[in-house]
2 protein chains.
Amino acid sequence: MKQTFCSIITIGDELLIGQTIDTNSAWIAQQLNPIGIPVKRRIAVGDQKNDIIQAIESERKDSNIIIITGGLGPTSDDITKPVLCEYFNTTLVENQEVLNHISTYFAKRNRPMLDSNLRQAMLPANCEILFNAVGTAPGMLFKDQEQVFISLPGVPFEMQYIITTHIIPYLVTHFKTPNFLHKTLVTSGEGESFIAERLKAFEKNLPENIKLAYLPKLNIVKLRLTAVDIEDHVLETHFETLKTLLQHITVTDKDMELEQVIGQLLNKMGKTMSIAESCTGGSIASRITSVKGASTYFKGGMVPYTIESKENVLQVDSAIIETHGVVSEQTVISMASKCVEKFNADYAVSVSGYLEKNDHDNVVWIGLSNGTHHIAKKMIAPYDREKNTILVTNAALNLLRIFIIGHP
Amino acid sequence: MKQTFCSIITIGDELLIGQTIDTNSAWIAQQLNPIGIPVKRRIAVGDQKNDIIQAIESERKDSNIIIITGGLGPTSDDITKPVLCEYFNTTLVENQEVLNHISTYFAKRNRPMLDSNLRQAMLPANCEILFNAVGTAPGMLFKDQEQVFISLPGVPFEMQYIITTHIIPYLVTHFKTPNFLHKTLVTSGEGESFIAERLKAFEKNLPENIKLAYLPKLNIVKLRLTAVDIEDHVLETHFETLKTLLQHITVTDKDMELEQVIGQLLNKMGKTMSIAESCTGGSIASRITSVKGASTYFKGGMVPYTIESKENVLQVDSAIIETHGVVSEQTVISMASKCVEKFNADYAVSVSGYLEKNDHDNVVWIGLSNGTHHIAKKMIAPYDREKNTILVTNAALNLLRIFIIGHP
């Protein structure tokens, strides 16, 4: 095996019956990327000894780093530890440090300690223990010739703690890796095929060790250039060309979300915003407040879900709704301007529309206001309720971003 | 191969660098479960010919149904179709029906058709075409001896359309499967280890073909019993025992989300609700409005993110906030009762707290009101911003559920 590769194995029946969505693998891959370790494959298997062993056997053929998550909990369906013990031909011994940690962990929380928790301090004799300060199941690192096998709890924040604290420093020291570089351009307003058509010549002229990928996501297309063993400035030159070709739809030239871009913009300008969203039901506010420090520029939001609350709480004139309808240019403009007023904010974005399939032609109106200027845009939301919520939220955030830039 | 198994292969570099979370596999698994087809493994590989072929080769050893998603788009990094053509030793031919559909698709949307879109009508000669009414890339079904290989676009709603319309009916007709039964109990208020301790004897007494799984999710633990080839009433008996053992923390005995349970409750009672959430930033409203038909019982919500908006928009008495603090029993009770009033709703839930790590001891207060009765609960949110938002949202929804039941 010349190149370093990592395989990620996730364990748990809940993954195979679809009760849990695997977010761990994506998170782990994101951490490995900057240190130049590509993920070869991701595999999800059930809580079955044979399947776990088969996955390890098959992955060690292609990867020298195997990261396994899940199946380390205190309950009886958690079988990863005994399986690894058998595979690496070792026995469980009590680890005093982990035992002390578990005792303290429960004492601090005023919770009695159970036998099953104590068993988490029984660990394979021949592995390196990766101490878990934020939970009770430690990680384990086994070495076999040139390969490492790392077993981690499936609880996301515990897994993340161990990866950040133990695994990344370990891998950086122990593996030589090629230099991977990624540059991402975020766009909104044009579909994947259209962008591809614009980039035909650009793609043809890319050197072999730079790859272009399209990542479409309901009203947003991310374009990612990946370079292997190439100098920074070469990738930079191609990325600059890409930016020029797509400047009319560019949101940002960093791998950021729309809500982060808006936050940076408002922070730089010292301005504030507010939201009055009906059909998106809190989803725009959720996105805005998912950014740390949003309280410096986000005054607040409202979800006036009924006509009654649009009139009584947001104080949209009932005559406007009666005359033009609750989903109309006039209503969303009134919602946005009332919202600026109520929250004493510099900008407001408003939404009113139909998100259920085949409901009133799926018309959605988005309004924008800064108190003196008002704009409204109509769009069609052609998918199901869940996708339409994301689609409209992305559209509203992008329109707000453009409105803020246009009305500084 | 005696038993029917399915393997799911997802294709795309974006999965391996962690830019995209794979939600398709979970969704597919959920559809296969009720028709008794267990998922053996889920594999994610990059846009590389050899990796795709290797995954197919390895999965066909264990599974007779292979579902492949992704890599069917119009762009040049979409290589699944040529790879399958080569693997199944066939050539591309133009499909008139698909070509007509693509032309109509673009004409309807008033968008010019590109060469790359036309190429989507070129399809392998020896496969069954799975018509895609909601997008431009059709699915493909290849047969080889007793095995089927199904290739689908990666865009979730297109993939979902083809699975529902074509694949499920096909599999039900062509495969004999054992009888899988699942029963799920949703609980809130006790940790995984505690529940496991309570269920020790219960687990020991379960017959071999009934399995218990724990699915913990920030303030919620789902318990799933899975039975293979067993009569309904046997599983039912064990499930009833489980319900009795955990009745003090049971949310529902169906695999439902808290927001759906609340919706059913309010619909049955003919009552309405409203929300005033500060630190959760719209997340509770998002959850409530994710349920179809929420407009019959959800009057609206507010995200008074600043003290100013709590006082001026929600009209919480500034003296209360000054005396007791913005994160306090008194403030959330005032928020909830003002919310009931403003939105003219039967119930309100309110939240104010600190969700950043090590921020004011991470105290969160949750308030509940029906206009005459008010309750507040304090909790600690010990994780990061993202997890704390989910944790507190789940706690608030569960407290609202209990409050509604207690104050009919």
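The values are calculated or read from the model by the stated rules, or taken from the named source; none is laboratory data. This structure is a prediction, so every number in the text was calculated from the model and none was measured. In this analysis, Cβ positions are derived from the backbone assuming ideal geometry, glycine residues included, and neighbour counts consider all displayed protein chains.
Say whether the condition of being touching a Gly at 6+ places or on another chain (Cβ under 9 Å) and under 17 Å from A:VAL261 (Cβ atoms) is met by at least one residue in segment A:349-357.
yes
Being touching a residue at least 40 places away in the same chain (Cβ under 8 Å), in the same structural domain as B:TYR170 (by TED's automatic domain parsing) and among the acidic types (Asp, Glu) is the requirement here; does B:ASP115 meet it? Walk me through it before giving the result.
On the way: touching a residue at least 40 places away in the same chain (Cβ under 8 Å): no; in the same structural domain as B:TYR170 (by TED's automatic domain parsing): yes; among the acidic types (Asp, Glu): yes.
Against the criterion (touching a residue at least 40 places away in the same chain (Cβ under 8 Å), in the same structural domain as B:TYR170 (by TED's automatic domain parsing) and among the acidic types (Asp, Glu)), B:ASP115 does not qualify.
Looking for whichever is within 13 Å of chain B (Cβ to nearest Cβ) and among the aliphatic types (A, V, I, L, M) here; the options are A:VAL364, A:VAL303. Which one fits?
Just one listed residue meets the conditions, A:VAL303.
Is there a residue in segment A:272-283 that is of a type outside the set (Val, Ile, Thr) and more than 14 Å from chain B (Cβ to nearest Cβ)? Let's see the steps before the verdict.
Step one: list which residues in segment A:272-283 are of a type outside the set (Val, Ile, Thr), which gives A:273-274, A:276-279, A:281-283.
Now drop any that are not more than 14 Å from chain B (Cβ to nearest Cβ), which leaves none.
There is no residue in segment A:272-283 that is of a type outside the set (Val, Ile, Thr) and more than 14 Å from chain B (Cβ to nearest Cβ).
Would you be able to tell me the number of residues in segment A:372-385 that are part of a helix (DSSP H, G or I) and crowded, with 20+ Cβ neighbours inside 10 Å? Break it down stepwise before answering.
Going residue by residue through segment A:372-385, those that are part of a helix (DSSP H, G or I) are A:385.
Okay, now just the ones that are also crowded, with 20+ Cβ neighbours inside 10 Å, so none.
Residues flagged as part of a helix (DSSP H, G or I) and crowded, with 20+ Cβ neighbours inside 10 Å within segment A:372-385 amount to 0.
Filter segment B:191-209 for residues that are out of contact with any Gly (no Cβ under 9 Å at 6 or more places or on another chain) and either crowded, with 19+ Cβ neighbours inside 10 Å or aliphatic (A, V, I, L, M) (or both) and give the result.
First, pick out the residues of segment B:191-209 that are out of contact with any Gly (no Cβ under 9 Å at 6 or more places or on another chain): B:191, B:194-195, B:197-209.
Residues satisfying the conditions are B:ILE195, B:LEU199, B:ALA201, B:LEU206.
Might you check whether a residue that is in contact with a Pro (Cβ under 8 Å, 6 or more places away or on another chain), in a loop (DSSP other than H, G, I, E, B), among the small types (Gly, Ala, Ser) and at pLDDT 85 or above occurs anywhere in segment A:137-144?
So far as segment A:137-144 goes, yes, one or more of its residues are in contact with a Pro (Cβ under 8 Å, 6 or more places away or on another chain), in a loop (DSSP other than H, G, I, E, B), among the small types (Gly, Ala, Ser) and at pLDDT 85 or above.
How many of the residues in segment B:342-361 are within 12 Å of another protein chain (Cβ to nearest Cβ) and more than 30 Å from A:GLU308 (Cβ to Cβ)?
Final tally of qualifying residues: 5.
In segment A:1-39, which residues are crowded, with 22+ Cβ neighbours inside 10 Å and more than 30 Å from B:ILE210 (Cβ to Cβ)?
Correct list: A:CYS6, A:SER7, A:ILE8, A:ALA26, A:ILE28, A:ALA29, A:LEU32, A:ILE37, A:VAL39.
Please state which of the following conditions B:GLU146 fails to meet, knowing it meets all the rest: (1) farther than 25 Å from B:LYS61 by Cβ; (2) of a type in the set (Asp, Glu); (3) not assigned by TED's automatic domain parsing to the domain that holds B:GLU240.
With respect to (1) farther than 25 Å from B:LYS61 by Cβ; (2) of a type in the set (Asp, Glu); (3) not assigned by TED's automatic domain parsing to the domain that holds B:GLU240, B:GLU146 is out only on (1).
Given the options B:GLU386, B:GLU329, B:GLU356, name the one that is farther than 22 Å from A:SER286 by Cα and among the acidic types (Asp, Glu).
Numbers: B:GLU386 fails: farther than 22 Å from A:SER286 by Cα; B:GLU356 fails: farther than 22 Å from A:SER286 by Cα.
Answer to the selection: B:GLU329.
Checking the conditions here, which among A:ASN388, A:ASN358 is modelled with pLDDT under 95, in the same structural domain as A:THR331 (by TED's automatic domain parsing) and surrounded by fewer than 21 Cβ atoms within 10 Å (Cβ to Cβ)?
Values: A:ASN388 fails: surrounded by fewer than 21 Cβ atoms within 10 Å (Cβ to Cβ).
Exactly one of A:ASN388, A:ASN358 is modelled with pLDDT under 95, in the same structural domain as A:THR331 (by TED's automatic domain parsing) and surrounded by fewer than 21 Cβ atoms within 10 Å (Cβ to Cβ), namely A:ASN358.
Being more than 14 Å from chain A (Cβ to nearest Cβ), in contact with a helix residue (DSSP H, G or I) (Cβ under 9 Å, 6 or more places away or on another chain) and without any contact (Cβ under 8 Å) to a residue 40 or more places away in the chain is the filter here, so list the residues in segment B:241-264 that pass it.
Once the filter is applied, which keeps residues that are more than 14 Å from chain A (Cβ to nearest Cβ), in contact with a helix residue (DSSP H, G or I) (Cβ under 9 Å, 6 or more places away or on another chain) and without any contact (Cβ under 8 Å) to a residue 40 or more places away in the chain, segment B:241-264 yields only B:THR241.
Which one of these does A:ALA121 not meet: (1) within 14 Å of chain B (Cβ to nearest Cβ); (2) touching a Pro at 6+ places or on another chain (Cβ under 8 Å); (3) surrounded by 19 or more Cβ atoms within 10 Å (Cβ to Cβ)?
Condition not satisfied by A:ALA121: (2).
Does segment A:126-137 contain at least one residue that is crowded, with 17+ Cβ neighbours inside 10 Å, in contact (Cβ under 8 Å) with a residue 60 or more places away in the chain and more than 14 Å from every other protein chain (Cβ to nearest Cβ)?
Scanning segment A:126-137, I find no residue that is crowded, with 17+ Cβ neighbours inside 10 Å, in contact (Cβ under 8 Å) with a residue 60 or more places away in the chain and more than 14 Å from every other protein chain (Cβ to nearest Cβ), so the answer is no.
If the requirement is being farther than 30 Å from B:GLU57 by Cα and polar (S, T, N, Q), which of these qualifies: B:THR173, B:THR184, B:THR177, B:THR136?
On the way: B:THR173 fails: farther than 30 Å from B:GLU57 by Cα; B:THR177 fails: farther than 30 Å from B:GLU57 by Cα; B:THR136 fails: farther than 30 Å from B:GLU57 by Cα.
None of the others qualify; the one that does is B:THR184.
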